[in-house]
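Below is one structure; the comments refer to it alone.
The values are calculated or read from the model by the stated rules, or taken from the named source; none is laboratory data. All figures in this text were calculated on a predicted structure; none of them were measured in a lab. Neighbour counts run over all protein chains shown; Cβ positions are idealised from the backbone, glycine included. Just so you know, the surface numbers come from the protein's heavy atoms only, side chains and all, with ligands and any DNA or RNA stripped out. Shrake-Rupley method; radii C 1.70, N 1.55, O 1.52, S 1.80 Å.
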Amino acid sequence: MLRFNTYTIEKPSFSFTDEKFLQIKGSILEAEKEMTYFNRDGPVKEIISKETLFSKEVKDSFRNKTVTFEHPKKSGKLTMVNSENVTEFKKGTILDVREEGNRLSAILQVEEKNSIDFIMDRYNRGESVELSAGYEAESVYKNGRYFQEKIKGN
(Lines give C-alpha, C1' and ligand atoms only; values in the text may rest on other atoms or scores of the structure.)
Protein backbone atom coordinates (compact mmCIF):
# COMPACT_ATOMS: atom_id res chain seq x y z
CA MET A 1 0.00 0.00 0.00
CA LEU A 2 1.28 3.49 -0.84
CA ARG A 3 2.16 5.86 1.98
CA PHE A 4 2.86 9.61 2.02
CA ASN A 5 3.92 11.37 5.23
CA THR A 6 4.71 15.04 5.73
CA TYR A 7 7.05 16.73 8.22
CA THR A 8 7.51 20.47 8.68
CA ILE A 9 11.19 21.29 8.96
CA GLU A 10 11.32 23.17 12.26
CA LYS A 11 14.89 24.42 11.93
CA PRO A 12 15.83 23.90 8.30
CA SER A 13 19.42 23.09 7.60
CA PHE A 14 20.12 24.42 4.12
CA SER A 15 23.40 24.56 2.25
CA PHE A 16 24.39 25.04 -1.37
CA THR A 17 26.85 23.06 -3.47
CA ASP A 18 29.30 24.64 -5.92
CA GLU A 19 26.75 23.86 -8.65
CA LYS A 20 24.13 25.87 -6.68
CA PHE A 21 22.12 22.77 -5.80
CA LEU A 22 20.21 23.14 -2.51
CA GLN A 23 20.87 20.52 0.16
CA ILE A 24 18.26 20.16 2.89
CA LYS A 25 18.63 18.09 6.03
CA GLY A 26 15.40 17.02 7.66
CA SER A 27 13.30 14.19 9.06
CA ILE A 28 11.33 11.98 6.70
CA LEU A 29 9.74 9.39 9.04
CA GLU A 30 9.33 8.90 12.78
CA ALA A 31 9.30 5.69 14.81
CA GLU A 32 6.58 4.91 17.35
CA LYS A 33 4.33 7.74 16.09
CA GLU A 34 0.71 7.03 15.19
CA MET A 35 -0.13 7.97 11.61
CA THR A 36 -3.70 7.97 10.33
CA TYR A 37 -4.55 6.50 6.94
CA PHE A 38 -7.91 5.80 5.36
CA ASN A 39 -9.13 2.59 3.80
CA ARG A 40 -12.57 1.37 2.74
CA ASP A 41 -13.58 0.92 6.39
CA GLY A 42 -12.48 4.39 7.52
CA PRO A 43 -9.43 5.67 9.42
CA VAL A 44 -6.67 3.28 10.50
CA LYS A 45 -3.84 4.29 12.85
CA GLU A 46 -0.47 2.73 12.02
CA ILE A 47 2.92 2.80 13.73
CA ILE A 48 6.44 2.09 12.52
CA SER A 49 8.56 0.31 15.11
CA LYS A 50 12.13 1.47 15.71
CA GLU A 51 13.39 -1.95 14.66
CA THR A 52 11.65 -1.65 11.29
CA LEU A 53 12.41 2.01 10.62
CA PHE A 54 16.10 1.82 11.46
CA SER A 55 16.79 -1.45 9.68
CA LYS A 56 19.49 -1.40 7.02
CA GLU A 57 16.93 -2.43 4.38
CA VAL A 58 14.63 0.52 5.07
CA LYS A 59 17.45 3.08 5.23
CA ASP A 60 18.97 1.71 2.02
CA SER A 61 15.57 1.80 0.29
CA PHE A 62 15.43 5.62 0.62
CA ARG A 63 19.07 6.34 -0.27
CA ASN A 64 19.55 7.73 -3.83
CA LYS A 65 15.80 7.98 -4.48
CA THR A 66 14.23 10.79 -6.48
CA VAL A 67 13.17 14.04 -4.83
CA THR A 68 9.95 15.49 -6.27
CA PHE A 69 8.09 18.76 -5.80
CA GLU A 70 4.70 17.92 -4.30
CA HIS A 71 3.43 14.35 -4.47
CA PRO A 72 3.44 13.12 -8.08
CA LYS A 73 -0.01 12.70 -9.63
CA LYS A 74 -1.15 11.09 -12.87
CA SER A 75 -4.76 11.52 -13.99
CA GLY A 76 -5.55 13.12 -10.62
CA LYS A 77 -4.30 10.13 -8.60
CA LEU A 78 -1.17 9.91 -6.47
CA THR A 79 1.53 7.86 -8.14
CA MET A 80 5.00 6.57 -7.34
CA VAL A 81 8.07 7.60 -9.32
CA ASN A 82 9.28 5.06 -11.89
CA SER A 83 11.25 4.90 -15.14
CA GLU A 84 8.22 6.03 -17.15
CA ASN A 85 7.64 9.28 -15.23
CA VAL A 86 10.95 10.20 -13.57
CA THR A 87 11.80 12.82 -16.20
CA GLU A 88 8.52 14.60 -15.49
CA PHE A 89 8.78 14.58 -11.67
CA LYS A 90 12.47 14.52 -10.66
CA LYS A 91 13.73 17.65 -8.91
CA GLY A 92 16.68 16.10 -7.06
CA THR A 93 18.10 13.13 -5.17
CA ILE A 94 18.23 11.80 -1.60
CA LEU A 95 21.95 11.65 -0.80
CA ASP A 96 22.08 10.21 2.68
CA VAL A 97 19.76 8.60 5.22
CA ARG A 98 20.49 8.23 8.92
CA GLU A 99 18.95 7.60 12.29
CA GLU A 100 18.55 10.67 14.52
CA GLY A 101 16.77 10.04 17.78
CA ASN A 102 13.35 8.62 16.95
CA ARG A 103 13.45 9.86 13.37
CA LEU A 104 14.82 8.75 10.05
CA SER A 105 16.54 11.81 8.60
CA ALA A 106 17.89 12.49 5.15
CA ILE A 107 19.90 14.94 3.12
CA LEU A 108 17.93 15.86 0.03
CA GLN A 109 19.64 17.58 -2.84
CA VAL A 110 17.26 19.76 -4.85
CA GLU A 111 18.78 20.29 -8.29
CA GLU A 112 16.04 22.07 -10.25
CA LYS A 113 16.20 25.89 -10.06
CA ASN A 114 12.46 26.69 -9.91
CA SER A 115 12.04 24.30 -6.98
CA ILE A 116 15.07 25.77 -5.20
CA ASP A 117 13.72 29.30 -5.69
CA PHE A 118 10.27 28.29 -4.38
CA ILE A 119 11.69 26.62 -1.26
CA MET A 120 14.03 29.52 -0.45
CA ASP A 121 11.28 32.09 -1.06
CA ARG A 122 8.97 30.32 1.41
CA TYR A 123 11.76 30.04 3.94
CA ASN A 124 12.77 33.70 3.57
CA ARG A 125 9.13 34.79 4.09
CA GLY A 126 8.96 32.74 7.30
CA GLU A 127 6.60 30.16 5.82
CA SER A 128 6.87 26.47 6.55
CA VAL A 129 9.01 24.13 4.50
CA GLU A 130 7.92 20.50 4.48
CA LEU A 131 9.48 17.19 3.55
CA SER A 132 7.29 14.27 2.68
CA ALA A 133 8.32 10.67 2.21
CA GLY A 134 6.62 8.53 -0.41
CA TYR A 135 6.95 4.79 0.18
CA GLU A 136 5.26 1.43 0.10
CA ALA A 137 4.53 -0.58 3.24
CA GLU A 138 2.47 -3.50 4.45
CA SER A 139 0.02 -2.90 7.28
CA VAL A 140 0.21 -5.73 9.81
CA TYR A 141 -2.14 -6.12 12.78
CA LYS A 142 -0.57 -7.48 15.96
CA ASN A 143 -1.06 -7.01 19.68
CA GLY A 144 -4.11 -4.81 19.08
CA ARG A 145 -2.31 -2.31 16.83
CA TYR A 146 -1.42 -1.83 13.16
CA PHE A 147 2.26 -1.67 12.25
CA GLN A 148 3.91 -0.71 8.99
CA GLU A 149 6.38 -3.34 7.83
CA LYS A 150 8.35 -4.10 4.66
CA ILE A 151 8.84 -0.37 4.06
CA LYS A 152 10.35 0.50 0.69
CA GLY A 153 11.22 4.12 -0.12
CA ASN A 154 10.21 5.77 -3.38
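Tell me, what is the percent relative contact order of the chain, built from C-alpha pairs under 8 Å that lie six or more residues apart?
On the way: 300 pairs, mean separation 51.8, N = 154.
Worked out over the chain, it gives 34 percent.
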Report summary line: Given unit charges at Cβ for Lys, Arg (+) and Asp, Glu (-), the dipole magnitude of the range 20-62 about its Cα centre in debye, nearest 20, is 300 debye
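With only Lys, Arg, Asp and Glu charged, each at its Cβ (+1 for the first two, -1 for the last two), find how big the charge dipole of the chain is about the Cα centre; round to the nearest 20 debye.
Details: 26 positive and 26 negative charges, 52 e Å.
Dipole of the chain, to the nearest 20 debye: 260 debye.
On a full-extension model of 0.36 nm per residue, what is the gain between His71 and Lys150, subtracting their alpha-carbon distance, rounded to one decimal in nm? Write out the running numbers ahead of the final one.
Numbers: separation 79, 0.36 × 79 = 28.44 nm, distance 2.12 nm.
That works out to 26.3 nm of additional length.
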**Report entry** Label point distance in nm, Glu112-Glu84, each placed 7 Å from Cα along Cα→Cβ
**Finding:** 1.9 nm
Report summary line: Residues whose built amide H sits under 5 Å from the amide H of Leu104, excluding neighbours closer than 5 in sequence, are Ile28, Leu29, Glu30, Ala31
Query raised in the report: So, in Å, what gap is there between the alpha-carbon centers of the range 122-145 and the range 63-87?
Result: 16 Å
**Report entry** Kirkwood Rh in Å, taken over the chain so that all alpha-carbon pairs contribute
**Finding:** 16.3 Å
**Report entry** Rounded to 10°, Cα long-axis angle of helix 113-124 versus longest principal axis of the chain
**Finding:** 80 degrees
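Given 0.36 nm per residue, what is the gain on full extension from Lys20 to Lys45 after removing their alpha carbon distance, in nm?
Working: separation 25, 0.36 × 25 = 9.00 nm, distance 4.04 nm.
Using 0.36 nm per residue and subtracting the Cα-Cα distance, I get 5.0 nm.
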Query raised in the report: Say each of Arg98 and Asp121 gets a label point 7 Å from the Cα, pointing the same way as Cα to Cβ; how far apart are those two points in nm?
Result: 3.3 nm
**Report entry** In Å², nearest 10: area of Asp121 left accessible to a 1.4 Å probe
**Finding:** 70 Å²
Requested in this report: At 37 °C and 0.692 mPa s, grab the translational diffusion coefficient of the range 38-99 from Stokes-Einstein with a Kirkwood Rh over Cα pairs, rounded to a whole number in µm² per second.
Outcome: 233 µm²/s
Query raised in the report: Within the set Lys20/Lys77; Lys73/Lys142; Lys56/Lys113; Lys56/Lys90; Lys74/Lys152, which residue pairs have Cα atoms separated by over 30 Å?
Result: Lys20/Lys77; Lys73/Lys142; Lys56/Lys113
